Amino acid sequence: MSVRPSALALTPLLLFLALFFGAGLYFTAQGEAMGFYQLRAPVAILPALVLGVWLARRRGVPAQQTLLAGMGDSNVMLMCLIFLLAGAFATVSKAIGAVDAVVALGLGALPASLILPGLFLAAAFVSLSIGTSMGTVAAVVPIALGVADAAGLDRVLVVGAVLGGAMFGDNLSIISDTTIAATRSQGAEMRDKFRENFKIALPAAIATLAVLATLGDAAPVAAPDAASPWLVLPYVLVLGLALAGLDVVLVLAIGLVAAGIFGFVLADDYDVVSYVGDIYVGFEGMVEITLLSILIGGLAALIKATGGLDWLAQVIAKFARGHTGRRSGEISIAALAAGTDALTANNTVAILVTGSLARDIAQRHGISPRRAASMLDIFACVVQGVLPYGAQILLAASLAAVSPLALAGSVHYCWWLAGSALVFIAWSTRRAAEVAGPAPPDETVGS
């Protein structure tokens, strides 16, 4: 059944964003520190689903079948499975002491002048390993504050370095919910997206390290005590297997078993009961994002079936002057990710909301799935890392007793990442286009 393009079909998505953003503003105005996290996204999306079903029925679209087909899409289900396994692996690894081991290795025997770069690298590896910037902030910031006080460093500089490292690792980690959402929504392989991202993130990380090495005068400080350094190996194993191209579900399953074995052998008082309990705790930590993924899948199917994506494609075609050039398409994807993250203050939600729209843009503009996934993840990361009302900065500011606004200007990595990504967008069109969709780069939309 053919349905003409309609701007009205996008109103359910706008309703969801309005409720989520409006509730965040309201609770923040009431003095709630985590105002943007009081109305949970899976609840905020319910009125949007009702509106989407109503619009579908008005346009003669089989609403219930469309909704259920979108919720049960194989990509959505695979994404949910990966979320659950990633949560379990991260929780077990942290419980056996692997995070503490990473931090101790990252700070061991560092000269005083390299404490800030060392904290950035330690946070980056923790985040890359456990796949969550929030978990990294919670685990590393208290250690970093002790280092800051012992070294006589400004707390804002220290926490900014940790936040930058946390966002670097979260953006690249193969078990991060943002990476999982970006790759599955665009149909990209994990390792391909990692390589695409790394080309853009590496210059930003190097520039950040250079800047941090020039900031602050530090006194020598001893590295914190930790468990056995061998506990880092499950992280290394997962990263290596993923980059080797092994299926991500199998990678996470192997990593989960390996983390348990290392815990039994090397961690104090860690047994089978603790192991299976931590696996379930990891599942519980992913319930919200799993529910949201399923509901977003249904909403996206309704929007597509009622002509919302076709209307948006027409608007983008006008913006691009009728041509499907990669540069205009990448800018459109970047703007979608950044704008939605600013409204939702949640980079995973932003990627899930814009995923199907970004995929449609990528196909029409000849952008490869890995490039589209990279653009989505990078620009959601950039905005999330500098939002004064984002969870990462709010948590770090609370732990360090500093101003969220002061921290936003000190997350040097995110600012450098934005600049690096924009340079890559500007210059990448000089290379041969990687055509991923049915239309070649110079074909006009609708021709």
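The values are calculated or read from the model by the stated rules, or taken from the named source; none is laboratory data. In this text, all values refer to a predicted model and were calculated from it rather than measured experimentally. Virtual Cβ from ideal backbone geometry, glycine too; neighbours counted across all protein chains shown. Heavy atoms of the whole protein, side chains included, go into the accessibility calculation; ligands, DNA and RNA do not. Shrake-Rupley method; radii C 1.70, N 1.55, O 1.52, S 1.80 Å.
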For the range 190-204, pairs from a residue that is closer than 19 Å to LEU246 by Cα to a residue that is open to solvent by 40 Å² or more (accessible area, probe 1.4 Å) and modelled with pLDDT of 90 or more, with Cβ under 7 Å and 6 or more apart or across chains, are ASP192/ARG370; LYS193/ARG370; GLU196/ARG370
Of ASP149, ASP225, ASP217, the only residue that is at pLDDT below 90, among the charged types (D, E, K, R) and in a helix (DSSP H, G or I) is ASP149
Residues in the range 416-424: is at least one in contact (Cβ under 8 Å) with a residue 60 or more places away in the chain and touching a Lys or Arg at 6+ places or on another chain (Cβ under 6 Å)? no
Conditions (1) closer than 25 Å to TYR37 by Cα; (2) at pLDDT below 80 -> ALA317 fails only (1)
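Residues checked against (1) at pLDDT 90 or above; (2) part of a loop (DSSP other than H, G, I, E, B); (3) surrounded by 17 or more Cβ atoms within 10 Å (Cβ to Cβ); (4) of a type in the set (Val, Ile, Thr):
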position	(1), (2), (3), (4)
VAL353	no, no, yes, yes
ALA372	yes, no, yes, no
PRO388	no, yes, no, no
LEU407	no, no, yes, no
SER447	no, yes, no, no
I'm trying to understand the selection: among the residues of the range 113-126, which are open to solvent by less than 10 Å² (accessible area, probe 1.4 Å) and either of a type in the set (A, V, I, L, M) or closer than 19 Å to LEU387 by Cβ (or both)? ILE115, LEU116, LEU119, ALA122, ALA123, ALA124, VAL126
Of all residues in the range 355-370, how many are touching a residue at least 60 places away in the same chain (Cβ under 8 Å) and part of a helix (DSSP H, G or I)? 9
Being within 23 Å of VAL102 (Cβ to Cβ), among the hydroxyl-bearing types (Ser, Thr, Tyr) and modelled with pLDDT of 90 or more is the requirement here; does THR208 meet it? yes
Inspect all residues belonging to the range 24-34 and state whether any of them is in contact (Cβ under 8 Å) with a residue 24 or more places away in the chain, closer than 30 Å to ALA305 by Cβ and part of a helix (DSSP H, G or I). yes
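Condition check ((1) in a helix (DSSP H, G or I); (2) out of contact with any helix residue (DSSP H, G or I) (no Cβ under 7 Å at 6 or more places or on another chain); (3) open to solvent by 20 Å² or more (accessible area, probe 1.4 Å)) across all residues:
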| position | (1), (2), (3) |
| --- | --- |
| PRO5 | no, no, yes |
| LEU15 | yes, no, yes |
| LEU19 | yes, no, yes |
| VAL99 | yes, no, no |
Total residues in the range 158-200, condition open to solvent by less than 40 Å² (accessible area, probe 1.4 Å) and either assigned to a helix (DSSP H, G or I) or touching a strand residue (DSSP E or B) at 6+ places or on another chain (Cβ under 6 Å) (or both): 30
Top-ranked residue in the range 330-351 [being open to solvent by less than 20 Å² (accessible area, probe 1.4 Å) and aliphatic (A, V, I, L, M); ranked as farthest from CYS381 (Cα to Cα)]: ILE333
Selection from the range 127-156 of residues surrounded by fewer than 21 Cβ atoms within 10 Å (Cβ to Cβ) and of a type in the set (A, V, I, L, M, F, W, C) yields MET134, ALA138, LEU145, ALA150, ALA151, VAL156
From GLY52, GLY35, which residue is open to solvent by less than 30 Å² (accessible area, probe 1.4 Å) and touching a Pro at 6+ places or on another chain (Cβ under 9 Å)? GLY52
